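The values are calculated or read from the model by the stated rules, or taken from the named source; none is laboratory data. Being a predicted model, the structure only gives us computed values, none of them experimental. Glycine also receives a Cβ, built like all others from the backbone with ideal geometry; neighbour counts cover every protein chain displayed.
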Amino acid sequence: MKPPRSSFTQTITDAVADMTAHGFDSEQRVLDWVERIRAAALADLTPMPVVEKELARVMEATYTRQVERGGILSKHPGVPQFTIDRVKPKLRAELDRRIMTSTSLIKLNRPQAVAKTLQRFQGWATSIPAGGSKVVEKVPVKSEIRKALAQLPFEERRLVIDQGAKLVSAISNIVAVDGGAIAVEWHSHWRDASYNYRPDHKARDGKVYAIKGNWAIEKGLMKAGPNGYYEDNEAFAEAPFCRCFGTYIYALRRLPDDMLTEKGRQALAERGAR
C-alpha cells in the first residue's frame, strides 16, 4: 500500500495538471497556484522546534563523545585529562555557538528552498501556451519543481554533520592552544571510498605543519620546516563538508628532523644523555 501523498506533493500534482489543461491564460491563475504551493510547502516542512531539538541532540552527542568521554585526547597524545577539564567552559561555549550557527543556517536555507520551488513553477507555468498542452511530460516536470524542497531534509542532515565536524575541529584547536601544541600532522579521509576528498587536502595527508608563535619556535628549538605553518592553510573542517583532522604534537622528540634547529637537536641529545 502506497503512503499518502503530502499536501505539498498533491498541490504540485494539481497545479501541473491545471496548467497543462489551461496553459498560461491569465497571470492570476499562476499567482493563485504560487500561493497555494507556498502554503503547502511551508506546511510540509518539519517544524523548526522539532529540527532545533534534534540538532541540539546530535551536537550534544558529539560534544559528549569528544569531551566528556575523552575522544578528543586521541588527537592530542600526551595531553592529560585535567587540561581538557580546565578548558571545558570554552569548549561548552563553542558547542552553544555551533548549535546557534546551525540553527541560523537552517532557518536561512528554508525560505531559499521555497523560493526556488516557486521560481521553477512560475518559469514552467508561464511557458505553457494559453489553451494548454498535450505534450507536457508531467512526471519530470513535477520532479523538477519539487527538487529544492525534496532535497531539503537531506541538505539539513548534511549541514548538521558538517557543523559537527567543525565543532570537533574547534574543540581540538582550543585544546591545542591551551595545551601548548607546537605542530600538527594533517590527516585526510581520502582513502574512504564514499568520501569526496579535495585533491589539495589529500596532498597534505601525513605532513607536519608548525604552529605559529609556539614556545619551541620562540626558544629557537624548531623552525617551520618544508611544509610551513598550519595557519597558512585552511583549517581542519573549514571548507564545506571537509572531514580532515589533525594529530597535535607537543614535544620536540615527535617532530620530523627537518623541523628541528641545531639548538633543538642539542637539547634532545642532552635530554637523552640524562
Q | Flag if Arg110 is without any contact (Cβ under 8 Å) to a residue 12 or more places away in the chain, of a type in the set (D, E, K, R) and part of a helix (DSSP H, G or I) | A | no
Q | Complete set of residues in the range 214-233 that are under 27 Å from Gly71 (Cα atoms), out of contact with any helix residue (DSSP H, G or I) (no Cβ under 8 Å at 6 or more places or on another chain) and in a loop (DSSP other than H, G, I, E, B) | A | Asn214
Q. Is it the case that some residue within the range 196-211 is in contact (Cβ under 8 Å) with a residue 60 or more places away in the chain, crowded, with 17+ Cβ neighbours inside 10 Å, small (Gly, Ala, Ser) and not in a helix (DSSP H, G or I)?
A. no
(Q) Condition first: touching a residue at least 40 places away in the same chain (Cβ under 8 Å) and either in contact with a Leu (Cβ under 6 Å, 6 or more places away or on another chain) or not in a helix (DSSP H, G or I) (or both). Now tell me which residues in the range 73-98 satisfy that. (A) His76, Pro77, Gly78, Val79, Val87, Arg98
Q: Name every residue in the range 248-272 that is assigned to a loop (DSSP other than H, G, I, E, B), crowded, with 17+ Cβ neighbours inside 10 Å and in contact with a Pro (Cβ under 9 Å, 6 or more places away or on another chain), in order of residue number.
A: Tyr250
(Q) over 19 Å from the mean Cα position of the chain (by Cα) and closer than 22 Å to Glu54 by Cβ: is that true of Ala113 in this structure? (A) no
Q) When both residues are 6+ apart or on different chains and their Cβ atoms are under 8 Å apart, which pairs have a first residue that lies in the range 133-155 and is assigned by TED's automatic domain parsing to the domain that holds Ala113, and a second that is acidic (Asp, Glu)? A) Leu149/Asp44
Q) Looking at (1) within 24 Å of the chain's Cα centre (by Cα); (2) crowded, with 21+ Cβ neighbours inside 10 Å; (3) of a type in the set (A, V, I, L, M, F, W, C), which is the one condition that is false for Phe245? A) (2)
Q.
Please verify whether Thr64 is loosely packed, with under 15 Cβ neighbours inside 10 Å, out of contact with any Phe, Trp or Tyr (no Cβ under 6 Å at 6 or more places or on another chain), of a type in the set (Ser, Thr, Tyr) and touching a residue at least 40 places away in the same chain (Cβ under 8 Å), treating the condition exactly as stated.
A. no
Q: Report yes if Ser172 is of a type in the set (Ser, Thr, Tyr) and either touching a Ser or Thr at 6+ places or on another chain (Cβ under 9 Å) or at pLDDT 95 or above (or both), otherwise no.
A: yes
Q.
Criterion first (at pLDDT below 95 and either closer than 26 Å to Trp186 by Cα or part of a helix (DSSP H, G or I) (or both)) does Val51 satisfy it?
A. yes
Q.
Please count how many residues of the range 234-252 are out of contact with any Ser or Thr (no Cβ under 9 Å at 6 or more places or on another chain) and either modelled with pLDDT under 95 or hydrophobic (A, V, I, L, M, F, W, C) (or both).
A. 7
Q) Of all the residues that make up the range 22-38, how many are surrounded by fewer than 16 Cβ atoms within 10 Å (Cβ to Cβ) and assigned to a loop (DSSP other than H, G, I, E, B)? A) 2
